[in-house]
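Engineer: Take this structure, written in structure tokens, and hold onto it; I'll ask about it next.
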Amino acid sequence: MDRWVGKIAVVTGASAGLGAAISKKLVEEGINVAGFARRKEKIEELARTVEGKNGAKLYAVQVDITSEEEVINAFRYVLENLGPVSILVNNAGIVQNTTLIDGNAECWKKVLDTNVLGLCVATREAVNIMRNHDIAGHIIHINSVAGHRVPPIPYTNVYSASKFAVTSLAQTLSKELKGIGSRIKVTSVSPGYVETDIVKANGFTTNETIMQIEKIAPRMYPIDIANAVAYVIGTPPHVEVTELTVQPLGEPV
């Protein structure tokens with residue numbers, strides 16, 4: 001990890017859950033983190049509790065990841081005020097409480113705009129900065145086991161499809177970068193069930209079926225995924241972890 005000390009990372013969806021844990025872990029490792037989220041105040045609260053190695057800090061940047069203009073402006077702000085980006089963690093993601101059979105198209109659109117298009121725009125901006133500054137950086141997509149197989153869980157509708165897209169986007173990006181001789185690494189990190197506020201934040205608390213599954217499911221915690229991200233970032237320059245699947249013990253395969 002020493003080669004990243006003092007460098008700049010962007011973490012999307014940094015206000016809570018996995019994004020907050022990943023941001024905290026990277027700062028503790030000496031990496032300056034620009035946390036992107038709509039709830040800027042939540043990142044500012046977290047920043048006051050984080051003690052970074054070698055003076056590293058967490059910076060709050062208000063961004064709606066579904067707005068291309070806001071994402072572009074945010075990366076420009078980071079470049080001009082903090083420095084060029086060396087690491088991008090595409091963590092922002094949502095799931096909506098609906099179905100395919102009689103689903104709400106607006107809910108589908110929110111998922112795809114966040115989980116797929118927002119990720120693509122953030123990746124494009126980070127890669128352009130890395131290439132313009134000759135940085136052998138690292139792009140990490142926080143994927144899901146649902147991006148490799150459809151889970152036997154109701155009400156996932158387009159969520160799994162969005163994560164299958166993330167699997168494809170990671171592989172496609174890797175091929176594009178290799179095609180131009182880039183040294184930028186690409187990693188898909190695919191967690192199983194992690195205990196976060198995602199169920200509450202996405203309107204599932206009134207869904208008895210989902211709440212019952214959530215109550216008994218084997219689980220991991222945000223720090224487990226933060227440690228996984230630190231692991232893949234910490235690999236030596238000649239090693240690229242292309243896919244890392246992390247599941248709680250006992251979770252059905």
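The numbers here are math on the coordinates, done by the rules we state, and not lab data. What you see is a predicted model; the values in this text were computed from it and never measured. Positions of Cβ are backbone-derived with ideal geometry, glycine not excepted, and every protein chain shown enters the neighbour counts.
Engineer: Can you sort I142, I223 from fewest to most other Cβ atoms within 10 Å of each residue's own Cβ?
Structural biologist: Numbers: I142 29, I223 14.
Sorted ascending by nearby Cβ count, the order is I223, I142.
Engineer: Here is a follow-up. Give me I153, I101 ranked fewest to most by other Cβ atoms within 10 Å of their Cβ, as a rough exposure proxy. Display every interim value, and only then the final one.
Structural biologist: Numbers: I153 16, I101 6.
The most exposed by this proxy come first: I101, I153.
Engineer: Same structure again: What shape does segment 2-246 take by its C-alpha gyration tensor, where a ≥ b ≥ c are the square roots of the eigenvalues and a/c under 1.5 counts as rounded, a/b above b/c as prolate, and the rest as oblate? Please report the intermediate quantities before stating the final value.
Structural biologist: Numbers: a/c = 1.62, a/b = 1.43, b/c = 1.13.
Because a/c hits 1.5 or more and a/b exceeds b/c, segment 2-246 counts as prolate.
Engineer: Which of K42/K163; K57/K110; K110/K163; K24/K57; K7/K185; K40/K163 have a Cα-Cα distance over 20 Å?
Structural biologist: K42/K163; K57/K110; K40/K163
Engineer: Ranking C120, C107 by Cβ neighbours within 10 Å, fewest first, what do you get?
Structural biologist: Working: C120 16, C107 19.
Taking fewest neighbouring Cβ atoms as first place, the list is C120, C107.
Engineer: Let me ask you something else. Tell me what the chain gives for mean residue ellipticity at 222 nm when only DSSP H runs of n ≥ 4 count, each as -39,500 (n - 2.57), the sum divided by the residue total, rounded to 500 deg cm²/dmol.
Structural biologist: Working: 9 runs with 102 residues, N = 253.
Helices in the chain give a 222 nm mean residue ellipticity of -12500 deg cm²/dmol.
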